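Some notes on the structure that comes next.
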Amino acid sequence: MSGLTETQIIEHQGVPLFAVVPYREYLQLTGKHTIPHKIVRRVVHEEISLIKAWREHLGLTQTQVASKMGIKQATVAKMENVNSKPHKATLEAFAEAMDLHVEQLKTA
């Protein structure tokens, strides 16, 4: 783990039983990077890309994501197209810009 962690140890009669860690740390430790049901539902029912569904779920604009990535808003719009097939490096850049794990942006 990197950085400051606010771990809480829960004991019973002086014996440690549980360690409570911040959720982000838990995800890093377990490798479990989930996609909320409402995002999956939008991708399926509205036929939009995971990138767009995540961005809107997080309340970010295309301009904000583009700024974080150092690209133009029009490029974000192009990558959000449901038929777009972004390269791994592009998905990694989107994940970083939206504070996600790259696995959360990959389609099957």
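Answer yes if at least one residue in region 53-60 is part of a loop (DSSP other than H, G, I, E, B), more than 15 Å from L105 (Cα to Cα), open to solvent by less than 60 Å² (accessible area, probe 1.4 Å) and in contact with a Lys or Arg (Cβ under 9 Å, 6 or more places away or on another chain), and no otherwise. Yes: region 53-60 contains one or more residues that are part of a loop (DSSP other than H, G, I, E, B), more than 15 Å from L105 (Cα to Cα), open to solvent by less than 60 Å² (accessible area, probe 1.4 Å) and in contact with a Lys or Arg (Cβ under 9 Å, 6 or more places away or on another chain).
Among the residues making up region 79-90, those that are open to solvent by less than 100 Å² (accessible area, probe 1.4 Å) and either assigned to a helix (DSSP H, G or I) or under 18 Å from T61 (Cα atoms) (or both) are M79, E80, N81, V82, A89, T90. Within region 91-108, the residues that satisfy the criterion of being open to solvent by 40 Å² or more (accessible area, probe 1.4 Å) and closer than 12 Å to S49 by Cβ are K106, T107.
Please verify whether region 15-24 includes one or more residues that are closer than 19 Å to S84 by Cβ and part of a loop (DSSP other than H, G, I, E, B). Looking for residues that are closer than 19 Å to S84 by Cβ and part of a loop (DSSP other than H, G, I, E, B), one finds none in region 15-24, hence no. Inspect region 41-52 for any residue being open to solvent by 30 Å² or more (accessible area, probe 1.4 Å), among the acidic types (D, E) and part of a helix (DSSP H, G or I) and give the result as yes or no. No - not one qualifying residue is present in region 41-52.
The values are calculated or read from the model by the stated rules, or taken from the named source; none is laboratory data. All of these numbers come straight from a predicted model, not from anything done at the bench. Positions of Cβ are generated from backbone atoms using ideal geometry, with glycine treated the same way; all protein chains shown enter the neighbour counts. Each accessible area value is taken on the protein alone, full model and side chains, heavy atoms only, with ligands, DNA and RNA left out. Shrake-Rupley method; radii C 1.70, N 1.55, O 1.52, S 1.80 Å.
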